[in-house]
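Participant: Please see the structure below; I have some questions.
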Amino acid sequence: MSVTNKRIGIIGGGQLGKMMILEAKRLGFHVIVLDPAADCPCSSVCDELIVASLNDGDAILALAKKVDVVTYEFEHINADALEKAELAGVPVYPSVASLKKIQNKYIQKSVLQEKGIAVPRLSEEFNADFGFPQMFKSKKGGYDGKGNWVIKQKSDIPTDVDGFFEEWVDYELEVSVIACRAINGEVVVYPIGENIHSNSILDTTIVPARIDGQIKIKAMEVANQVMNVFEGVGTFGVEMFVCKNGDVLVNEVAPRPHNSGHYTIEGCFANQFENHIRAIVGLPFGEVSLIYPTVMVNLLGVESDGKANLVGLEEAYKFTPKVNVHIYGKSESKIYRKMGHYTVVDCDLEKAISVAEKLKGIVKVVGVL
């Protein structure tokens, strides 16, 4: 079978899946998506949509029977059903073994710790040695700050959550590295992104990250180590804390393309979605080096929940020809929901940062009641 005749199945129909499909269709692949929403972002670009829960084992197996390889754009899915698909001979990338370890954040970090990769100190039981504040995190299902609690006293600990404790990290900044691993074990690592969060949701990614050379070397080494620990095929996002003492700690690993890697679409020769598709079908990687300094800003729903309405696109494009706006196609806008993003590229990083900040007051997605 020709590589480009392979049929790709994607579990999850959100914006990450949509951007995977745009790269897959450019190369001529047939793509089938499983998602609970008939109007999900992927619905406008996929060849076929199976409307079902991400935990519907029968639907996942039905998808697997229609395709030659399965991937996913969201990790909180039915891993047992994917394991059955693997046993039936359908490759699943990243592998179910790596997914199961990553799905449980306590296991994820314990595995990293066992392999000598630095993470914040953690414990399944309350540990007074961590002092206050400390973090309490849900083992499964948390994202964008959901499932995380700041514990300032013992009474703050949730009693109905299966979670674990982490020592509070006094970090200087947060960075992330997008890395991609091939079926043959080859790993490519993208330039480091400097991340700025608001309300525990990623707001801005600045590339290259404004860190010194030694920190850069450490972060790149950690990303390579993480990829070899999980041995997953495809694109991974590795979030890290850069501590004030120079230590680099892994905060979280995502077995899929990552929000902080959207800068690669305009900023790099081959973006994170293209290389994810290349990896899972067995094609060689594209070049991952940075073309221009790039700033990515998330477009989160603002003002009110309601029908999605993009405001200021024409004004943004008039303001600068160096901005690219991406709208995900979600019909309903909710406050803090990821509705799109934009990137600004410039030969001068500080200029790109300045322009990106000014655009925050121009382009936005509002909910119309």
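Participant: Which residue, chosen from Gly237, Val302, Leu202, occupies the Cα position most advanced towards the positive end of the dipole of the chain, where the dipole is computed from +1 (Lys, Arg) and -1 (Asp, Glu) charges on Cβ about the Cα centre?
Facilitator: With unit charges placed on the Cβ atoms, the residue in question is Val302.
Participant: Please name whichever of Ile32, Ile157, Gly57 sits farthest to the positive end of the charge dipole of the stretch 21-163, dipole taken about the Cα centre and charges placed at Cβ: Lys and Arg +1, Asp and Glu -1.
Facilitator: It is Ile157, whose Cα lies furthest towards the positive end.
Participant: Which of the peptides 127-136, 103-112 is most tightly packed, and how do the rest follow, going by the mean number of other Cβ atoms within 10 Å of each residue? Mind dumping the intermediate values first?
Facilitator: Details: 127-136: 14.6, 103-112: 19.7.
The packing order, highest mean first, is 103-112, 127-136.
Participant: Taking only the Cα atoms of the chain, how large is their convex hull per residue, in Å³?
Facilitator: 145
Participant: Note down the relative contact order for the chain as a percent, whole number, built from C-alpha pairs under 8 angstrom at least six residues apart.
Facilitator: 14
Participant: Considering Cα pairs under 8 angstrom that are at least six residues apart, work out the relative contact order of the stretch 127-211 and quote it in whole percent.
Facilitator: Over the stretch 127-211, the number comes to 23 percent.
Participant: Let me know the shape class of the stretch 193-348, please: from the alpha-carbon gyration tensor, a ≥ b ≥ c as square roots of the eigenvalues, rounded when a/c is under 1.5, otherwise prolate if a/b is greater than b/c, or oblate.
Facilitator: prolate
Participant: Under a Cβ-Cβ cut-off of 11 Å, what is the net charge of the residues other than Leu112 that fall near it, where Lys and Arg count +1 and Asp and Glu count -1?
Facilitator: Residues near Leu112 contribute +2 overall.
Participant: Starting from the Kirkwood radius over alpha-carbon pairs of the stretch 1-96, derive D by Stokes-Einstein at 4 °C in a medium of 1.567 mPa s and give it in µm² s⁻¹.
Facilitator: 101
Participant: List the lysines whose alpha-carbon lies under 23 Å from that of Lys307, not counting same-chain residues fewer than 8 positions away?
Facilitator: Lys18, Lys330, Lys334, Lys338, Lys360, Lys364
Participant: Further question: Could you tell me what percent of the DSSP beta bridges with both partners in the stretch 15-159 are antiparallel, to the nearest 5?
Facilitator: 45
Participant: With +1 assigned to the C-beta of every Lys and Arg and -1 to the C-beta of every Asp and Glu, and no other charges, what is the dipole magnitude of the chain about the Cα centre in debye, to the nearest 20?
Facilitator: Here the size comes out at about 480 debye.
Participant: Give the lysines whose C-alpha is closer than 30 Å to that of Lys218, dropping any in the same chain fewer than 8 places away, or say none.
Facilitator: Lys100, Lys101, Lys105, Lys109, Lys115, Lys137, Lys139, Lys140, Lys146, Lys244, Lys351
Participant: Could you sort 297-304, 356-363 so that the peptide with the highest average Cβ count within 10 Å comes first and the rest follow in order?
Facilitator: 297-304, 356-363
Participant: Which order do the peptides 63-76, 44-57 come out in when sorted by mean C-beta neighbours inside 10 angstrom, highest first?
Facilitator: Descending mean neighbour count gives 63-76, 44-57.
Participant: Here's a follow-up. Is there a quick way to get the dipole size of the stretch 199-260? I mean about its Cα centre, with the Cβ of Lys and Arg at +1 and of Asp and Glu at -1; what is the value in debye to the nearest 20?
Facilitator: Working: 5 positive and 7 negative charges, 28 e Å.
For the stretch 199-260, the charge dipole is close to 140 debye.
Participant: Per residue, what accessible area does the stretch 105-195 have, given a 1.4 Å probe and all protein chains present, in Å²?
Facilitator: Working: 4500 Å² over 91 residues.
Averaged over the residues of the stretch 105-195, the accessible area is 49 Å².
Participant: Net charge near Cys180, counting Lys/Arg +1 and Asp/Glu -1 over other residues with Cβ under 14 Å of its Cβ? Before the final figure, lay out the partial values.
Facilitator: Working: positive: Arg181, Arg256, Arg278; negative: Glu23, Glu186, Glu231, Glu274, Glu287.
Value of the local net charge: -2.
The values are calculated or read from the model by the stated rules, or taken from the named source; none is laboratory data. Because the structure is predicted, anything quoted here is derived from the model rather than measured. No Cβ is skipped: glycine too gets one built from the backbone with ideal geometry, and neighbour counts run over all protein chains shown. In case anyone asks, the SASA skips ligands and DNA or RNA and just uses the protein heavy atoms, side chains included. Shrake-Rupley method; radii C 1.70, N 1.55, O 1.52, S 1.80 Å.
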